[in-house]
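The values are calculated or read from the model by the stated rules, or taken from the named source; none is laboratory data. Predicted model only: the values in this text are computed from it and were never measured. In this analysis, Cβ positions are derived from the backbone assuming ideal geometry, glycine residues included, and neighbour counts consider all displayed protein chains.
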Amino acid sequence: MKEYLKISLLPKDTNMHGTIFGGVIMSYLDLAGAICARDRFDNLFVTIVVREMRFLHPVYVGDLLSFRGEVIDQGTTSVTVKIEVDAERIDSREVFRVTDAEIVYVAVDRERGKTPLIARGHDQPDGAPRRKGQ
Ligand SMILES: CC(C)(COP(=O)(O)OP(=O)(O)OC[C@H]1O[C@@H](n2cnc3c(N)ncnc32)[C@H](O)[C@@H]1OP(=O)(O)O)[C@@H](O)C(=O)NCCC(=O)NCCS
């Protein structure tokens, strides 16, 4: 698994109980998954499915969230990514699992229709990212 996003949460991200609103974390989870998919494929992606997720612990202002992920499946147009979210408490530095999820993304073209996956750097023998001018 590779870390795709790390973020400290702010008072603006809280719910009426003073803990972090779950939808904020879901949004970052979706973003981290899309970055993970982009790390492997030269496509634009939309989210089609988010599999069951459960929040295991509350998250507080100042906690440092880490989103780690990996591609666990791929089809013709779709890629499934697993994302794990850990939090580090600001004071104790205790680290614990907040949630995890499997997210399916579909590669789309500029007209937003589904399109086949293109492995990143498929025209580069070593899979290296293309640089400007290449
Ligand atoms: C993504 C979209 C273009 C797909 O078009 P579609 O004709 O419905 O696509 P399909 O039903 O053929 O599914 C496309 C791929 O998703 C996969 N898929 C669909 N439902 C799935 C499910 N429940 N679980 C796993 N994979 C699923 C299909 O297997 C297919 O993958 P493959 O080509 O690798 O086999 C269309 O559904 C769409 O635009 N959805 C809205 C996406 C969006 O805007 N998301 C942001 C949130 S609003």
(request) From Arg54, Arg97, grab the single residue that is out of contact with any Asp or Glu (no Cβ under 7 Å at 6 or more places or on another chain) and loosely packed, with under 13 Cβ neighbours inside 10 Å. (result) Arg54
(message) Every residue in segment 29-51 that is among the aliphatic types (A, V, I, L, M), surrounded by fewer than 16 Cβ atoms within 10 Å (Cβ to Cβ) and within 26 Å of Ser8 (Cβ to Cβ), please.
(response) Val50
(request) Identify the residue in segment 43-71 that is within 16 Å of the ligand (Cβ to nearest atom) and charged (D, E, K, R) and, among all such residues, is nearest to Leu117 (Cα to Cα). (result) Arg51
(request) Under 6 Å between Cβ atoms, at least 6 apart or on separate chains: pull out the pairs that start in segment 33-61 with a residue that is touching a residue at least 24 places away in the same chain (Cβ under 8 Å) and at negative phi and end on any residue that is loosely packed, with under 15 Cβ neighbours inside 10 Å and in a strand (DSSP E or B). (result) Leu56/Arg97; His57/Phe96
(request) Those residues that are more than 15 Å from the chain's Cα centre (by Cα) and not in a strand (DSSP E or B), I need them from segment 1-21; list them, please. (result) Leu9, Leu10, Pro11, Lys12, Asp13, Asn15, Met16, His17, Gly18, Thr19, Phe21
(message) Being in a loop (DSSP other than H, G, I, E, B), hydrophobic (A, V, I, L, M, F, W, C) and surrounded by 15 or more Cβ atoms within 10 Å (Cβ to Cβ): is that true of Val24 here?
(response) no
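To keep it simple, each residue is scored yes or no on (1) of a type in the set (A, V, I, L, M); (2) part of a strand (DSSP E or B); (3) modelled with pLDDT under 95.
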residue: Ile35; (1), (2), (3): yes, no, no
residue: Ile48; (1), (2), (3): yes, yes, no
residue: Thr80; (1), (2), (3): no, yes, no
residue: Val85; (1), (2), (3): yes, yes, no
residue: Asp91; (1), (2), (3): no, no, yes
residue: Val106; (1), (2), (3): yes, yes, no
residue: Ala128; (1), (2), (3): yes, no, yes
(message) Against the condition exposed (fewer than 15 other Cβ atoms within 10 Å of the Cβ), under 14 Å from the mean Cα position of the chain (by Cα) and more than 21 Å from Asn15 (Cα to Cα), how does Ile83 come out, does it pass?
(response) no
(request) Report yes if Asp73 is buried (at least 17 other Cβ atoms within 10 Å of the Cβ), modelled with pLDDT of 95 or more and acidic (Asp, Glu), otherwise no. (result) no
